[in-house]
């Protein structure tokens, strides 16, 4: 088994991709209210700043900034996964036999992708990646039409024009392949 090394920085800012175990499922948007409740509950118990977030049917991306003296992003992701899972119907959240043998939960991949944001350009590229993701995956034709992201909030703050993302920004074309 690979030995993954995480880059923990107190007060750090991180980009995350967290996937459902079965990428053909749509649980994250089918149960969006439960996801939002789980997200708020995680924020209440383990505070962080949400810089950007986008929920897709089978995975979500977010950028979080940790409190100044805190470096434990893994606990936050774990808490969010647990809080969401416990709100789902029993038949969805129960692991199958193979998952139980590996001590895995029913709906989540056991690992997640994390990237420490290095500078302003890196941050901008990852925010663009997050917001363009529903278009990339064919869920919507326009970034502004996807209801499960913080893009509209950023438009209201004047950080983006509502028409942004008509074409895939060149700086994110080869960033990740999810």
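The values are calculated or read from the model by the stated rules, or taken from the named source; none is laboratory data. Worth saying up front: this structure is predicted, and the values here are computed from it rather than measured. Note that each Cβ is placed from the backbone with ideal geometry, even for glycine, and that neighbours are counted across all protein chains shown.
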Quiz prompt | Long-range neighbours under 7 Å by Cβ, at least six apart or interchain, first residue at negative phi and in contact (Cβ under 8 Å) with a residue 12 or more places away in the chain within region 64-93, second loosely packed, with under 13 Cβ neighbours inside 10 Å and part of a helix (DSSP H, G or I) | solution = 79/45
Quiz item: Applying the selection to region 120-161, what residues are surrounded by 13 or more Cβ atoms within 10 Å (Cβ to Cβ), closer than 15 Å to residue 59 by Cα and without any contact (Cβ under 8 Å) to a residue 40 or more places away in the chain?
Solution: 135, 136
Practice problem: Scan region 135-161 for residues that are at pLDDT 95 or above and not in a loop (DSSP other than H, G, I, E, B) and jot them down. | Solution: 135, 143, 144, 145, 149, 151, 152, 153, 154, 155, 156
